[in-house]
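Read the structure below first, then the notes.
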Amino acid sequence: MSDKKMITSMMEEERVFQPPAELTQRAWIKSMDQYRQWYNRSIEEPEAFWSEVAGTFWWAKKWEKVREWDFDNEISIKWFLGGKTNVCYNALDRHLPEAADKVAIYWEGNEPGEEKAITYGALH
């Protein structure tokens, strides 16, 4: 099989690989149907949708406006105007009490066997 033919067939992949049931049970989005519902809502009601998503994070000060954009003059896109948060706290610190010994990042290097499992505690 030529390289060109192989690339074409890879680009036309139509198989679907379902995740294991135990992973689906723990996932935030549990099915393609749920994903499609959430996606459609994010398009049809963006302020309400993203306000709910952002509400799952810690905020020192809640935003006054969800989004604002200007494509006519100078391109400007802003989210959660007036809000103040701490990305490090949301990504790491708030998970420490229950997850300090759990893996936060699986790192793989360029060489086979070059890998690390880094816990939340180690990151902190």
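Only the coordinates and a few stated rules stand behind these numbers; no lab work does. A quick note: this is a predicted structure, and the numbers were derived from the prediction, not measured. Note that each Cβ is placed from the backbone with ideal geometry, even for glycine, and that neighbours are counted across all protein chains shown.
Here are a few things to note about the model shown:
- Per residue, the Cα convex hull of the chain amounts to 253 Å³.
- Cα-projected label distance for Asp93 with Ile75, points at 7 Å along beta-carbon direction, nm: 3.4 nm
- Only lysine pairs 8 or more places apart, or on different chains, with alpha-carbon atoms under 21 angstrom apart are counted in the chain, and they number 7.
- At an R0 of 30 angstrom, the distance between the Cβ atoms of Arg41 and Glu68 translates into a FRET efficiency of 0.90.
- Taking label points 7 Å from Cα along the Cα-to-Cβ direction, Phe17 and Trp58 give a separation of 3.6 nm.
- Other residues whose C-beta falls under 15 angstrom from the C-beta of Ile118 contribute a net charge of -2, scoring Lys and Arg +1 and Asp and Glu -1.
- Percentage, to the nearest whole number, of Cα pairs in region 63-124 over 13 Å apart: 73 percent
- Candidates per GluC sites (Glu not before Pro) in region 49-94, loop by DSSP, up to 12 other Cβ within 10 Å: Glu64, Glu74
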